[in-house]
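As structure tokens, the structure follows; a few thoughts come after it.
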Amino acid sequence: MSLCSGGGSGSGSGSAAAPRLRPRAALMARRPELLCGAAIVLGCAFLVALKVTCSRAKDVTMPAKLPVNFFSARSPVIDLFRGQLDYADHLRQDSEIVLYFFYAPWCGQSIAAREEIEHVASRLSDQVLFVAVNCWWNQGKCRKQKHFFYFPVIHLYHRSFGPIEYKGPMSAVYIEKFVRRVMTPLLYISSRSKLLDFLSNYEPGVLGYFEFNASPQPPGYLTFFTSALHSLKKDYLGTIRFGVITDKHVAEEISLVHSGSVYLHRHANTSLIYPNDIMNYTAENICKWALENREMLIRWLRPHGGKSLLLNNELKKGPALLIFIPYNPLAEIHPLLDEITKVALEYHNCNKSQAAEPDVQHLGDTDSPAFDSSVPDAHMKLSETFSITKYPCCNTVVLPQWHSISRTHNVCELCINQTLGVKPNKVHVPHCNFLEIEAALDSFYLQEHAFFQVISNTIECSNFLSFYSPFSYYTACCRTVNRHFLSFISSEKTIFQTPKVAFSSHGKKDNTQHSIPHIEDRNCFIPDLHISGTNFTGLSCRTNKTLNLYLLDSNLFWIYAERLGASRSTHLKEFAAIVDLKEEVHYVLDQNQSLVGSTLENFIKNFSVLYSPLKRHLVDDPSVYFQQQRVITEVTTNTFQDTVVLSEKNVLLLYYAQWCGFCASLNHIFIQLARLLPPDNFTVARIDTTRNDLPWEFMTDRLPTILFFPHQRKEQSVKFPEDLAVNVPNLLKFILHHSSLSSSEPCTKECLHKGTVLQQGHISHLEREIQKLRSEISALHQAHKQLEVQLSEARREERRLQQQKHTLEKQHKTLQLHSEQLQTTYDQKNQELLEMAEKLQELADASENLLKANALLRILVASREGKLQSKDETKESLQSEQTISEDNDISVSIATATLEEKRIDNTIETEHSSENRTE
Amino acid sequence: MLRSLGSLICLWALRLPVPPADTGVVARGVDVASYRERVRAMFYHAYEHYLESAFPYDELRPLTCDGQDTWGSFSLTLIDALDTLLILGNVSEFQRVISVLQEGVDFDIDVNASVFETNIRVVGGLLSAHLLSKKGGMEVEVGWPCSGPLLRMAEEAARKLLPAFQTPTGMPYGTVNLLHGVNPGETPVTCTAGIGTFIVEFATLSHLTGDPVFEDVARKALKALWKNRSDIGLVGNHIDVITAKWVAQDAGIGAGVDSYFEYLVKGAILLQDEELMSMFLEYNKAIKNYTKFDDWYLWVQMYKGTVSMPVFQSLEAYWPGLQSLIGDVDNAMRTFLNYYTVWKQFGGLPEFYNIPQGYTVDKREGYPLRPELVESAMYLYRATRDPTLLELGRDVVESIEKISKVDCGFATIKDLRDHRLDNRMESFFLAETVKYLYLLFDPDNFIHNDGSVFDVVVTPYGECVLNAGGYVFNTEAHPIDPAALHCCRKRKEEQWEVEDLIREFYSPKQNKKFASKRASDHSEGESAEDCEGASSEKGGEKRHSKKSSHSLLTCPSQSFNSKLAVLGQVFLDNT
């Protein structure tokens, strides 16, 4: 029974009218009496419906509210809130690029994404048509045709190609980036510099060469274009980029000669050319080929928020380095990301490490943006500093006085960065730019705990990066050597960049210039002490602790960093951690160091060496604040040593977790215990193990666990037996048993003093106890009063009840008497009746006798009459009159007697039946 | 661009103290404070319309703006919403309602009431209101928490239910007349949950009043169910309480069974009872073996273990929350994420959801604004702080407001396919759904107290520590303070023992005696003594560990990968 069935029509006019009617109907439903009156006015159609409402209110239902605008009218997004999918399709013809936003008005995620879409739409509305479709309303076309399991769904169309579903984060920048990729799936590469830009990017790139001179659409171009769109279907970020080379000479740089050939660029491995002869030249195949063969030196991890095994699968592959950096997909340049990519490349650069001669290329800075203006100066300075070292090993240079391990001064460290990339000659790479004083400081900081180990004693020549490239006719190696030098003695920070120049020439490696580390240091450089240790280049292939490298956008996934121990207060959301799932440990790159290539390299090296100096990171709960003195001391990772191990007291430590039901219900027991124990000698503490990691030896695998750390013998901690119930007496006994062992030394002054202290403690305890008892007594008094009140009330009640009982008893007695009386009267009556019956019987008998006598008399009379008739006639007449009158009398009396008899029988019967009823 | 950039930063700032300086592209978290206020507004919208249009009936009918009696006639919505008022911080209204209830509610009525519903809603509601009344600023009598008007009302209500337990098996009838007891000709078939959902309220009553009869009948019923489980360790849906024959043999974790399992765990927590926990763990094993598929829980035949219904029921969504209480957080989260996808599909949880078909089941498309999924989200958020759970909270608030809000309250969704509404607002909407939502968005609520604050109450039975957290919610979301159970009777027995032990702590003589005795036993000296003591202790521990691996009343610590198990990431156990 629908309350307002009039509004349910699907047509446009009907639905437009309905919203006006509905509130009134609801209002009327609230006052049914009003409603029936109003119904007459409204007309018969409503009358029927409303009468039903009145009479059977139980079945009232209401159809869903009608859809309304989801986007504001001013929004650049066309809002088809009635789900007009056909109209949406119609709209698609007008625009080259269309974005559909399928939403459900009730869906929180749709509501959250709405703003993001609007934001993107406001930026791209001139090029892209944004259409939002309500795909929930059950009368709408969209709901009828599409069947979504979640909302919102974003589909993109590039002309007729589509739909391309966007599966990325619902964040405006990511969406915009994706839309832009769909708009221009191919990059047009017309010059060499653009080619280099394209190839130097960390994301895998696919290049096609097409000759546009012959026709505006050379053969195969469309397929290539489609495959670029295809790749977007697979991968929302489009980590594979597609480029088109339009110039023959540029194509020759990567040895593409034939128009229509497709090339997959790889950094560490050989680049590939699409095998036209093996695989059919279709869009899907190209896409598949590229996906299968692409390099994954470093991967973005972007959990989509739904249930997924992404991290499980990736982290189970082995230890992983997770790098968190803030990432803006729309930004033109990502200097930090480039740097990290370089580290990754070098880490994986295995096959041609030692063999190649270190060709160094000086890279100027012509087409790099202005952010790097200082670099040329650095180059100038450094070019004069080539000197000394005969080793070409130059990855790590340890400055003198290091052996003295006087860390406070004279420790100088050089961090060297190497830049990789495909660098044809004359092309300048803007990678020598992270020369920040901070970096130098960090390097120094790093030295304190990492450097010592990194440098092994083996003098090993480093594997120089010589980057292999598909440029077969020349080898170009690029290295930029950044040195951060810090001299503490002179309190002067000098930072060097040593971009050793490798210039590549066509044909062969004729450049034998060595790349040499240069240390320009007037204070403290002694070359012999220079020890070059573990080389970073190609480390991934030489260590048995290979790391997989991952990137996470800290704008979206900072929570993982926080859970790994990133500080919540930092401004800069950069963080790196090595997670080893199998060993259940993780290491954290100190957040005081800025995340640059050098620190990352050291971090990786430190992880890789045999006796790793890295310490398992223990996550600490920063939210614990020490306001006032709590009854129970809250221990964290950081305070564990001080409050438990080094404390001068006996410590009872509870391991708990807030979510564990068994722990939380013990709170009150521990509070009681803490209030009872003498506070001078005992600490009751607890630690939330979910938020605080502890060294292995202090970990427990079950919660709650109760450990007792006796004073002076902290190493002999004792566990509270699990089979004992956790209550105050048991805990006290447990503590008493284990703490009493301590004081067994002979009694000295100290001991006596202790005794007095104890006694004083006892006295104060007793005083507290007395206070407690007093308050208890007062409580008891109150309770007593209350009880007395209640008791007197109860007594009154009792008295009242007894009185009631008495009256009832009396009533009962009278009633009994009454019934006895009734019984006796009944008996009497009964007796009387019986007697009556007997009498009647007698009467009946008598009447019978009389009848008999009468008959006899009649006979007698008749006989006499017969006799007398003959005798005298005159006398006869008188006599006969007399007998008739007599006769009459008798018959009357008999009749009355029989009648009476019957009546009595009747009454007896009725009495019997009434008796039955009362019984 | 600039405008929205600013708002982005603003929103973010609520979650993090420092707004990021570099870009405006940060992900937005759920704005907890604003959603908390929206939940509060939701509560008052429904509550005020109930008072205005429906009181003193049991429930509000939101489409017709009137009231009706559903489970008896005790102004059920008011009793149920009582502690929600306090959780929302409305002390004055809490006090007003209590005085209204004390005058107005009468259990001497000729009404046939569901034993189960009366227990969880009325007895549970009154008990929790009684235990919270001091927190709510009520003037309490001297014997509180062991006596009080609300406690007496709860006891009175519970006594009305006791006749139902007088069966040969000890399992109660489903319905009882509050005036005349069990009606002649009453059906002996009761659902499993209707038998096993008493221990929390009844044990609390027994501990507070000192009358053991309540706990005894509840335990007897639990044991009867335990005895009648199938060979493979499962229980069915309905049982004959006279003959103990299973009438409905579908085994699962949802409707008809749900709160039985819930109360085994919560009873174990509340009473520190290993027996109840061992029962649950046995069931848990069987449930995992026979009903769990891909983190869904299906319905199976209780004797054979064959799948009978591949459905997910809205009522089953309490399970992840229960798992998190005993420390099975990984599995809880995995199952929860499955359930969340169903919500995303419909904007609510259908009573039945066919898992293979991915759609609702005929005649079971409704969503009466049930709390179970939010309940689990609240428990899991406590354990993981996963923002996904806040997102669920956001989705629930948006859905309920968009779909079921009407002029007079919030209406049950009759059909999730088209969001048609029904003329009903069940009392659990205010008692549970709103409460759990609010608690999800209010991590600093006193209910989440982790023991860092507490009250000390002096009673005639001694001094009690109360409100130290660890509240156990009954299945209608009425919190019970576990500390109160130890306050009334147990204390006395312990007190003298504790007194003696404390005296020992302060007596140096005792110490010396103890030590010298040990010294005379072992002439080796102190060090040896210490070693001996330690080793014997260790030996004892070892022996103990061999015997049984661990106490049943413990949770496992969270594994290492739980650090990364947020935002939908799940990990598979290698073990």
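The values are calculated or read from the model by the stated rules, or taken from the named source; none is laboratory data. What you see is a predicted model; the values in this text were computed from it and never measured. Heads up, the Cβs are rebuilt from the backbone with ideal geometry, glycines too, and the neighbour counts pull from every protein chain shown. When the accessible area is computed, the model is the full protein with side chains, heavy atoms only, and any ligands, DNA or RNA have been set aside. Shrake-Rupley method; radii C 1.70, N 1.55, O 1.52, S 1.80 Å.
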Point to revise | strands (runs of 3 or more DSSP E) lying entirely in the stretch A:637-738 (those with 1 or more residues that are within 10 Å of chain B (Cβ to nearest Cβ) and touching an Asp or Glu at 6+ places or on another chain (Cβ under 8 Å)) | key: A:650-656, A:682-688
**Study point:** Test for B:Gln323: is it crowded, with 16+ Cβ neighbours inside 10 Å, more than 21 Å from B:Cys555 (Cα to Cα) and polar (S, T, N, Q)
**Key:** no
**Study point:** Among (1) among the small types (Gly, Ala, Ser); (2) surrounded by fewer than 17 Cβ atoms within 10 Å (Cβ to Cβ); (3) at pLDDT 85 or above - the single one A:Gly305 does not satisfy
**Key:** (2)
Review point. Of the residues that make up the stretch A:625-634, is at least one surrounded by fewer than 21 Cβ atoms within 10 Å (Cβ to Cβ), touching a Pro at 6+ places or on another chain (Cβ under 9 Å), under 30 Å from B:Leu564 (Cβ atoms) and not hydroxyl-bearing (Ser, Thr, Tyr)?
Key: no
Point to revise | Single residue of A:Thr226, A:Thr282 found to be out of contact with any strand residue (DSSP E or B) (no Cβ under 7 Å at 6 or more places or on another chain), within 18 Å of A:His158 (Cβ to Cβ) and at pLDDT 85 or above | key: A:Thr282
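Report the residue count in the stretch A:246-266 for those that are more than 22 Å from A:Glu203 (Cβ to Cβ) and not in a loop (DSSP other than H, G, I, E, B). Give the derivation first.
Residues of the stretch A:246-266 that are more than 22 Å from A:Glu203 (Cβ to Cβ), as a first pass: A:247-249, A:252, A:257-260.
Okay, now just the ones that are also not in a loop (DSSP other than H, G, I, E, B), so A:248-249, A:252.
Number of matching residues: 3.
Determine whether A:Asn592 is open to solvent by 10 Å² or more (accessible area, probe 1.4 Å), outside the structural domain of A:Asp680 (by the TED database), free of Cβ contacts under 8 Å to residues at least 12 places away in the same chain and part of a loop (DSSP other than H, G, I, E, B). Walk me through how you get there before you give the answer.
Values: open to solvent by 10 Å² or more (accessible area, probe 1.4 Å): yes; outside the structural domain of A:Asp680 (by the TED database): yes; free of Cβ contacts under 8 Å to residues at least 12 places away in the same chain: no; part of a loop (DSSP other than H, G, I, E, B): yes.
In short, no.
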Exercise for review: Run down B:Gly67, B:Gly29 and say which single residue is within 14 Å of chain A (Cβ to nearest Cβ), touching a Leu at 6+ places or on another chain (Cβ under 8 Å) and closer than 30 Å to B:Asp386 by Cα.
Suggested key: B:Gly29
Exercise for review: May I ask you to verify whether B:Val247 is within 14 Å of another protein chain (Cβ to nearest Cβ) and either of a type outside the set (Phe, Trp, Tyr) or open to solvent by less than 30 Å² (accessible area, probe 1.4 Å) (or both)?
Suggested key: no
**Study point:** Residue in the stretch A:83-96 that is out of contact with any Phe, Trp or Tyr (no Cβ under 8 Å at 6 or more places or on another chain) and within 14 Å of another protein chain (Cβ to nearest Cβ) present
**Key:** no
Review point. Just wondering, is there one or more residues in the stretch B:428-448 that are at the interface with chain A (Cβ under 9 Å from one of its Cβ atoms) and open to solvent by 10 Å² or more (accessible area, probe 1.4 Å)?
Key: yes
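Any chance you could count how many residues in the stretch B:297-333 are hydrophobic (A, V, I, L, M, F, W, C), in contact (Cβ under 8 Å) with a residue 60 or more places away in the chain and within 14 Å of another protein chain (Cβ to nearest Cβ)? Even if it seems obvious, please write down each step before you answer.
Of the residues in the stretch B:297-333, the ones hydrophobic (A, V, I, L, M, F, W, C) are B:298-300, B:302, B:307, B:309, B:311-312, B:315, B:317, B:319, B:322, B:325-326, B:329, B:332-333.
Adding the requirement that they be in contact (Cβ under 8 Å) with a residue 60 or more places away in the chain leaves B:300, B:302, B:315, B:319, B:322, B:325-326, B:329, B:333.
Going one step further and asking which of them are within 14 Å of another protein chain (Cβ to nearest Cβ), we end up with B:322, B:325-326, B:329, B:333.
Within the stretch B:297-333, residues that are hydrophobic (A, V, I, L, M, F, W, C), in contact (Cβ under 8 Å) with a residue 60 or more places away in the chain and within 14 Å of another protein chain (Cβ to nearest Cβ) number 5.
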Revision key, fill the gap. (1) open to solvent by 30 Å² or more (accessible area, probe 1.4 Å); (2) free of Cβ contacts under 8 Å to residues at least 60 places away in the same chain all hold for B:Phe336 apart from (1)
Exercise for review: Return yes or no: is B:Lys414 more than 7 Å from chain A (Cβ to nearest Cβ) and of a type in the set (D, E, K, R)?
Suggested key: no
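Scanning for something more than 12 Å from chain B (Cβ to nearest Cβ), modelled with pLDDT under 95 and open to solvent by 20 Å² or more (accessible area, probe 1.4 Å), does the stretch A:103-113 turn up at least one residue?
Taking the stretch A:103-113 as the starting set, the residues that turn out to be more than 12 Å from chain B (Cβ to nearest Cβ) are none.
No; the residues of the stretch A:103-113 include none that is more than 12 Å from chain B (Cβ to nearest Cβ), modelled with pLDDT under 95 and open to solvent by 20 Å² or more (accessible area, probe 1.4 Å).
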Review point. Given the conditions (1) within 13 Å of another protein chain (Cβ to nearest Cβ); (2) crowded, with 24+ Cβ neighbours inside 10 Å; (3) of a type in the set (Phe, Trp, Tyr); (4) in a helix (DSSP H, G or I), and given that B:Tyr260 satisfies all but one, which numbered condition is not satisfied?
Key: (1)
Check your understanding: Among the residues of the stretch B:293-312, is there at least one that is of a type outside the set (Asp, Glu), open to solvent by less than 10 Å² (accessible area, probe 1.4 Å) and part of a helix (DSSP H, G or I)?
Key -> no
Point to revise | Spans of helices (runs of 4 or more DSSP H) in the stretch B:114-196 with at least 2 residues open to solvent by 30 Å² or more (accessible area, probe 1.4 Å) | key: B:149-161
Revision key, fill the gap. Counting only residues that are part of a loop (DSSP other than H, G, I, E, B) and surrounded by 18 or more Cβ atoms within 10 Å (Cβ to Cβ), the stretch A:267-293 contains a total of 4
Check your understanding: Does the stretch B:350-361 hold any residues that are within 19 Å of B:Asp294 (Cα to Cα), in contact with a strand residue (DSSP E or B) (Cβ under 8 Å, 6 or more places away or on another chain) and part of a loop (DSSP other than H, G, I, E, B), and which are they?
Key -> B:Ile355
Study note, to complete from the structure: Of the listed residues (A:Asn650, A:Asn667), the one being farther than 27 Å from B:Tyr471 by Cα and touching a Pro at 6+ places or on another chain (Cβ under 9 Å) is A:Asn650
